[in-house]
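A.B. asks: Before we start, here is the structure in question, set down as structure tokens.
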Amino acid sequence: LYFIPLSIIVVAYTRIIVEISRKSRDTQHDYTREERYHGRLQLRRSNMSNIERARTRTLRMTFIIVMAFVWCWTPYALATLWNYIDPETFYSMNKHVQDILFIIAVSNSVVNPIIYGRYSI
């Protein structure tokens, strides 16, 4: 319910960041490599700033996506654990508080598109 999705999110975004970093290194290597074409010196016209900007934006977005998941799902996961350990005291809790914890958890589905939209502009 909590740790498996969190692990999947962290692994997926880590792989994305590693791939962007690898592409950044490859492009930087190509950018600094001189090529000769018909006796003239040519440099590859790769734009390093775009790749660096994409890497920075992806890193920020990854951190915010993971934090949004933790922020939204942690209260519900703790309430579920509490229900598992001591159901009697859990059910003595106000029903509205239980509903709010559930609403916060599912609000992660609303928050993610907002985050993606913010970083795609």
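A.B. asks: In nm, what is the difference between 0.36 nm times the number of residues separating Trp82 and Tyr119 and their Cα-Cα distance? Could the numbers behind the result be given before it?
C.D. replies: Working: separation 37, 0.36 × 37 = 13.32 nm, distance 3.61 nm.
In short, 9.7 nm is gained.
A.B. asks: Please calculate the 1.4 Å probe accessible area of Glu88, with all protein chains present, and give it to the nearest 10 Å².
C.D. replies: Solvent-accessible area, nearest 10 Å²: 150 Å².
A.B. asks: Per the Cauchy relation, a quarter of the hull surface: what is the mean projected area of the convex hull of the alpha carbons in region 45-114, in nm²? Mind dumping the intermediate values first?
C.D. replies: Values: hull surface 23.1 nm².
One quarter of the hull surface, i.e. the mean projection, equals 5.8 nm².
The values are calculated or read from the model by the stated rules, or taken from the named source; none is laboratory data. All values reported here derive from a predicted model rather than from experimental measurement. Protein only, heavy atoms only, side chains kept; ligands, DNA and RNA dropped before computing areas. Shrake-Rupley method; radii C 1.70, N 1.55, O 1.52, S 1.80 Å.
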